Amino acid sequence: LQEERLREPHNQTTVTEFIFLGLSSDPQMQIFLFSVFLVIYLITLGGNIVIMLVIRADSHLHTPMYFFLFHLSFVDICYSSVTVPNMLMNFLAERKTISVIGCIAQMFFMLLSAATEAFILSAMAYDRYAAICDPLHYMERMSTRICVQLVNGAWAIGVFHALLNTVFTLKLHFCGPSQISHFSCELPPLLRLSCTETLTTEVVLHTSFLTFASISFLLTLISYIHIIFSILRIRSAEGRNKAFSTCSSHLIVVGLLYLTAFLQYTKPSSVSSVVLDEIFSIQYSILTPMLNPIIYSLKNKEVKTALRKMLGKLKFLN
């Protein structure tokens, strides 16, 4: 049947919309999941908006590290907003549908957000390297111009990565079935529904993902190898702890990102891939954007101090 679909795509009915099978078909479970993911989304929006407002409001946080954190929070809002609102509507809808163009657009913005986030985290690692390993030239290495270029570069890579995969996806023909065993439009489930040859698109997807993920990971790894050696050379325990504390939040966030990616690509084929794909998708597209502001606000004294100041001003105004 699959060979027939590949041979004669033009004789088949063109699919104009996809149906999400989602996380559950049980109505009561869907209401429960709606409540859970609504709370997660509100925390994500609230946490990241607060981080952005605090950074803008406090002049002490107008430094390269917080410049990158501001943009990371913005990307996290975008990343979460690409999938969660549509997901929430589908929990309450009888027909959980999305148009083919809408699905490809959602995929584009997911790829854009994921790649941009990875490279902003790499820029943050470089910032910590410059602060700890070469503090005398820190302001020269991390000037406003260089910081803006690093963020623009992250967005440019994200756009290129998303466009590259989207262009090849637009060439696919869908003629049925139209059910996606997922809650969002990620490329691998779409490839399984195509009536046309998907080898080229699969090669592009895996090559681009491995290339950009490897570059981002290596940039972060190299920065932290230098950071670790510099910290170990600090004689006082207090100095080492202080240097490490400036990196701890970033290390946790990077660890979450790359651990999920590692598990995604090393999971055993014997385990249900649909269930694991959904779990990993929830982790990196829904939970990580929520956890990032919590990690940075709990682990960062400067952010906590700035937040208390802002809350104090709000109380005073009332």
Seminar exercise, completed: With N residues in the chain, Rg(alpha-carbon) / (2.2 N^0.38 Å) equals 1.12
Problem set entry | Solvent-accessible area per residue, Å², over the chain with all protein chains present [probe radius 1.4 Å] | 53
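How many percent of the accessible area of the chain is carbon or sulfur, using a 1.4 Å probe? Walk me through the intermediate numbers first.
Values: 11400 of 16870 Å².
Carbon and sulfur: 68 percent of the exposed surface of the chain.
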For this session: In a Gaussian network model over the chain where Cα atoms closer than 10 Å are linked, find which of Lys299, Lys242, Lys96 has the largest mean-square fluctuation.
Result: Lys242
For this session: May I ask you to evaluate 6.51 cos²θ - 1.76 cosθ + 1.60, the Karplus curve with θ = phi - 60°, for each residue of the range 85-102 and list the ³J(HN,Hα) values in order in whole Hz, giving x for glycine and proline?
Result: x, 5, 4, 5, 4, 5, 4, 9, 8, 6, 9, 8, 10, 8, 5, 4, 5, x
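Lysine pairs, Cα distance under 18 Å, 8 or more residues apart or cross-chain: how many in the chain? Don't jump to the answer; show the numbers that get you there.
On the way: Lys242/Lys299; Lys242/Lys301; Lys242/Lys304; Lys299/Lys309; Lys301/Lys309; Lys304/Lys313; Lys304/Lys315.
Lysine pairs satisfying the spacing and distance rule in the chain number 7.
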Exercise. For the range 9-55, rounded, prolate or oblate, judged on the Cα gyration tensor with a ≥ b ≥ c (square roots of eigenvalues), a/c < 1.5 rounded, else prolate if a/b > b/c?
Worked result: oblate
Seminar exercise, completed: Taking the chain and counting helices only, DSSP H stretches of n ≥ 4 at -39,500 (n - 2.57) each over all residues, the nearest-500 ellipticity at 222 nm comes to -26000 deg cm²/dmol
For this session: In whole Hz, with x marking every Gly and Pro, tabulate ³J(HN,Hα) for the range 280-287 from phi via Karplus 6.51 cos²θ - 1.76 cosθ + 1.60, θ = phi - 60°.
Result: 5, 5, 4, 5, 8, 9, 10, 6
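If a/c stays under 1.5 just call it rounded; otherwise compare a/b with b/c (prolate if a/b is bigger, oblate if not). Do that for the range 29-172, with a ≥ b ≥ c from the square roots of the Cα gyration tensor eigenvalues.
On the way: a/c = 3.58, a/b = 1.64, b/c = 2.19.
Oblate is the answer for the range 29-172, as a/c is 1.5 or above yet b/c matches or exceeds a/b.
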Seminar exercise, completed: Partnerless cysteines (no other Cys beta carbon under 4.7 Å) identified across the chain are Cys78, Cys133, Cys147, Cys247
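Taking Rh as the Kirkwood radius computed over C-alpha pairs, what is the Stokes-Einstein D of the range 155-251 at 20 °C in a medium of viscosity 1.002 mPa s, expressed in µm² per second?
Numbers: Rh = 16.9 Å.
It diffuses with D of about 127 µm²/s by this estimate.
By how many nm would the segment from Met310 to Leu170 grow when fully extended, if each residue of separation counts as 0.36 nm and the alpha-carbon distance is taken off?
Details: separation 140, 0.36 × 140 = 50.40 nm, distance 4.71 nm.
The span from Met310 to Leu170 would gain 45.7 nm if fully extended.
Note the per residue figure in Å³ for the convex hull of the C-alpha positions in the range 188-243.
Once divided by residue count, the hull of the range 188-243 is 80 Å³.
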Exercise. Using the Cα atoms of the range 87-139 to build a convex hull, what is its mean projected area in square nanometres?
Worked result: 5.5
For this session: Return the FRET efficiency for the residue pair Val204, Ser25: r is the Cβ-Cβ distance, R0 is 51 Å, and the value is rounded to the nearest 0.05.
Result: 0.95
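The values are calculated or read from the model by the stated rules, or taken from the named source; none is laboratory data. Just so it is clear, the structure is predicted and the values come from calculations on it, not from any experiment. Ideal geometry is used to build each Cβ from the backbone, glycine not excepted, and the neighbour counts take in all protein chains shown. Accessible surface is based on the protein model in full, side chains and every heavy atom, while ligands, DNA and RNA are left aside. Shrake-Rupley method; radii C 1.70, N 1.55, O 1.52, S 1.80 Å.
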